[in-house]
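The block underneath contains the structure these notes are about, expressed in structure tokens.
The values are calculated or read from the model by the stated rules, or taken from the named source; none is laboratory data. Keep in mind it's a predicted model, so treat the numbers as computed, not measured. All Cβ positions, even for glycine, are placed from backbone atoms using ideal geometry, and neighbour counts span all protein chains on display. These accessible areas exclude ligands, DNA and RNA; they are computed on the full protein's heavy atoms, side chains included. Shrake-Rupley method; radii C 1.70, N 1.55, O 1.52, S 1.80 Å.
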Amino acid sequence: FWLAAVFPADAGAGFPAGAPEATVMSAHGTVHMAAGMLGYLALCAVFLVLARPLASRGLRGWAVASRVVPV
């Protein structure tokens, strides 16, 4: 997520207001999108890994939530 924050996203698809429809992503936009995707996949993996220790400690509600949130 830090890498996605360093590289700015491209303007397009109406954001910010008045921005043209972009058809090609810049290098900065590509790095931003790839880093964000990897960050979200890592976050989903952490939730799934965390579910087992939570279940073993008897925190079944939190374990179920940790399995459902990535979906």
(request) Return the residue satisfying two criteria in turn: it lies in region 18-46 and is more than 30 Å from Val64 (Cβ to Cβ) and open to solvent by 100 Å² or more (accessible area, probe 1.4 Å), and of such residues it is modelled with the lowest pLDDT. (result) Thr23
(message) Take Phe15 and tell me if it is open to solvent by 80 Å² or more (accessible area, probe 1.4 Å), under 15 Å from the mean Cα position of the chain (by Cα) and modelled with pLDDT under 90.
(response) no
(message) So, in region 47-67, exactly how many residues are farther than 22 Å from Phe1 by Cα and open to solvent by 80 Å² or more (accessible area, probe 1.4 Å)?
(response) 6
